[in-house]
Structure formats: structure tokens, C-alpha cells
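For reference, the structure is listed below as C-alpha cells.
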Amino acid sequence: MRLTLLRLVLIARCIVSLGLVWHFQSARPSTPPAIVTAFAPYAFIDGVVALIVAALAMSAAWRKGIAAIAIGGAVIRIGAALAIWYGPGIPYFAVTLVLYVGLLATLGFLVGLLELGEATRLWGDAGWRPLSVLLALEGCATVLLAIVAFFTTPKPLTISHLLVAGAVLEAFAVLAVALQGVAHPRATASARAV
């Protein structure tokens, strides 16, 4: 039962990511304040759903790394949304926006490393399956996007495209987890024996 609920919540998280993609493609925000305003609600919802995923993953005996990735992403997304909503003019003042983006880039870099680490562990347990490949791609993309965000000042249109690309990769990775599942290797081995 928990496994089915977990997969449904993962699919809901995929839908949230695709909702962000749809919203950015239809609204086409073109200024930093418009981008941040459009991003905040999706970041908050995705963060809350990621916390639910983490709780269900731990209770369903899925890999702890998947739960850690969900928790790390949730904290960053919820924190980002709250900072946008309650922060002192983040999208309107260059100094606060640069500090905010720098902090998010640093945290995103760490989550990307966590994703790469879990992809490597999955590869060690089961080989390069679609899940480990997608998680590795998402980890590489997260690290690369964090480096670009930290060291450059991209144009607003580039920021929109990067957010859309990240949301698409996340949607595919979450969907792969939902469809394939990542039970602990011992649980998988005992399931095969039955």
C-alpha cells in the first residue's frame, strides 16, 4: 500500500514539474521579478510534495539516498519560495538577487553531488538502468546549472530556459523512480526468490 501511495505521489511531483514547464512556456516571464514570481509557487508545492516523497520512501524501505535527495531538494525549494515571498525585495534589487542566486546555486550544487552519488550507488547495485542514467543526468545538469548560476549573470530568458530544462529533467527522473522503483537490494533479491 505504501509503495503504491509513494508511486502516486512521485507521479504527482512529475505533474508539478511539468506544470512549471507549461506555465513558463505559456506565460514567458522575461524579467527577474516575473521569473521569480512565477517560480515561487511551484517551488513551494514541489518542496512539500518532495517532503511527502521522502517520508513515504523511508517508510516503504526504499533507498535512503532517494529520501536524502528528496529532503535536500525540498528544503531548498521551500526555503527558496519562502525567501521570495517574505525576503527583502529579492527579485527587485540586484544585490539581494545576486546573493539569493549564489546561495541557491551553492545548495543546488550540493544536491547535484548527492544525486550523482546516489546514481553511482544505484549503478553499483543494479548497473546502468534507466533510473541510474536519469539520476546521473539530472545530477550532472544540477551541478552544471549551479556552476553557471554561481559564476555568470545569465539573461532572464536564459534563466527561464534553465528552469524549464531542470524541471523537465526532474520530471523524467521522478517518473523513472515511480515506474521502476528503487527497493533496497536485499528486498529486491528476496522478491526475486519468491
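When you scan the range 135-147, do you find a residue that is charged (D, E, K, R) and either modelled with pLDDT of 80 or more or part of a helix (DSSP H, G or I) (or both), even just one? Yes, that holds for at least one residue.
Considering the range 155-177, the residues that are of a type in the set (G, A, S) and within 11 Å of the chain's Cα centre (by Cα) include one that is farthest from F24 (Cα to Cα), namely A173. Selection of the range 43-75 for residues being open to solvent by 30 Å² or more (accessible area, probe 1.4 Å) and in a helix (DSSP H, G or I) yields F44, I45, V48, L51, I52, A55, M58, S59, K64, A68, I71, V75.
Based on what the data block shows, is V164 on the phi < 0 side of the Ramachandran plot, in contact with a Cys (Cβ under 8 Å, 6 or more places away or on another chain) and either in a loop (DSSP other than H, G, I, E, B) or hydrophobic (A, V, I, L, M, F, W, C) (or both)? For V164, the condition - on the phi < 0 side of the Ramachandran plot, in contact with a Cys (Cβ under 8 Å, 6 or more places away or on another chain) and either in a loop (DSSP other than H, G, I, E, B) or hydrophobic (A, V, I, L, M, F, W, C) (or both) - is not met.
Which of the residues spanning the range 140-157 are open to solvent by less than 100 Å² (accessible area, probe 1.4 Å) and over 15 Å from L114 (Cβ atoms)?
Result: I147, V148, A149, T152, P154, P156.
Scanning the range 88-130 for residues that are modelled with pLDDT of 75 or more, of a type outside the set (D, E) and farther than 30 Å from K155 by Cα, we see that the one that is least open to solvent (accessible area, probe 1.4 Å) is A119. Looking only at the range 76-85, decide whether some residue is among the basic types (K, R), under 16 Å from E138 (Cβ atoms) and out of contact with any Cys (no Cβ under 9 Å at 6 or more places or on another chain). Yes, that holds for at least one residue. Considering only residues in the range 1-41 that are charged (D, E, K, R) and open to solvent by 60 Å² or more (accessible area, probe 1.4 Å), the one that is farthest from A178 (Cα to Cα) turns out to be R28.
The values are calculated or read from the model by the stated rules, or taken from the named source; none is laboratory data. Note that the coordinates shown come from a computational prediction; the quantities given were computed from them, not determined experimentally. All Cβ positions, even for glycine, are placed from backbone atoms using ideal geometry, and neighbour counts span all protein chains on display. Note: areas computed on protein heavy atoms with side chains; ligands, DNA, RNA excluded. Shrake-Rupley method; radii C 1.70, N 1.55, O 1.52, S 1.80 Å.
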